[in-house]
Amino acid sequence: MDARFLGIAELTETPSVAVVVDVMRAFTVAAWAFAQGAEKIVLAESLHEALALKARHPDWVALKDGPPAPGFDAVNSPALLRSVDLGGRTVVQKTTAGTVGALAVKEASLVLCAGFVVAEATARLLRTRECDSVTFVVTGEDGHAEEDLTCAQYIAKRATEAGTDPAEFLHRAAKSRAAAELATGVRQGAHPDDVALCLELDRFPFAMVATSEDPLMVLRPTAVPVGVVPGA
């Protein structure tokens, strides 16, 4: 598999297959939302669009980065979301990096959103689809977020090598600037357990596929068959 690792600003053409990585915290939060029963996640282009969607659909759950704000129901924290019952509901998510990255590749034939919590399922889906060329979008810090790059590299290796050891990758992510900022309270709308939850490898058995449902970009969990062996 030919893997490229690019920041959002480096996307000069639409890739065929894109894996958009935001470990801390957009797509860890998305995975937790599905685990808490959410049916789908609408990826909003702006805070204004998120609030407009919420206004049109009062039963939807609007979620954003940073501290709580009027009109929004939740913040971008996996630890704060894990006790929320989202059974059958739609979540509208707007974040600084993750949702931006997904919308930047919305024309790709396959768009996956990922973090460590769904790493194996994401790699397995890439194997199942026999993807020859994959662009990994490193969303954080203008493409330089160590936790996103590390997770992308791990998924790429896991897609082709059965014996990939995750320890080094998780260690690098744990030493990232984002992890330090979350741990020390620099980032608002955070919980002390967020870092540990973001680094919980393969917590969930599903991959997350984003598709255009005109005019929206919608993320859904996707079960992936077990048994496709790397290199087989």
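Values for this structure:
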{"item": "Failed criterion for D202 (all others in (1) touching a residue at least 24 places away in the same chain (Cβ under 8 Å); (2) surrounded by fewer than 13 Cβ atoms within 10 Å (Cβ to Cβ); (3) assigned to a loop (DSSP other than H, G, I, E, B); (4) among the acidic types (D, E) hold)", "result": "(2)"}
{"item": "Cβ pairs under 6 Å, 6+ apart, first in the stretch 97-111 and under 13 Å from V218 (Cα atoms), second assigned to a strand (DSSP E or B) and among the hydroxyl-bearing types (S, T, Y)", "result": "K106/S212"}
{"item": "Checklist (1) aliphatic (A, V, I, L, M); (2) in contact with a Leu (Cβ under 8 Å, 6 or more places away or on another chain); (3) outside any helix (DSSP H, G or I) applied to V84, failing item", "result": "(2)"}
{"item": "Out of G98, G66, sole residue that is crowded, with 19+ Cβ neighbours inside 10 Å and under 28 Å from A173 (Cα atoms)", "result": "G98"}
{"item": "Answer residue from the stretch 6-32, given it is in a loop (DSSP other than H, G, I, E, B) and among the acidic types (D, E) and is surrounded by the fewest Cβ atoms within 10 Å (Cβ to Cβ) among those", "result": "E13"}
{"item": "The stretch 173-191: number of residues that are hydroxyl-bearing (S, T, Y) and surrounded by 19 or more Cβ atoms within 10 Å (Cβ to Cβ)", "result": "1"}
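Matching residues to (1) surrounded by fewer than 19 Cβ atoms within 10 Å (Cβ to Cβ); (2) over 21 Å from A179 (Cα atoms); (3) among the basic types (K, R):
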position	(1), (2), (3)
R4	yes, yes, yes
F34	no, yes, no
S46	yes, yes, no
H57	yes, yes, no
P70	yes, yes, no
V75	no, no, no
V84	yes, yes, no
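Laboratory data are not the source of any read-out in this text; all were calculated from the coordinates shown. Predicted model only: the values in this text are computed from it and were never measured. Note that we place each Cβ from the backbone using ideal geometry, even for glycine, and neighbour counts take in every protein chain shown.
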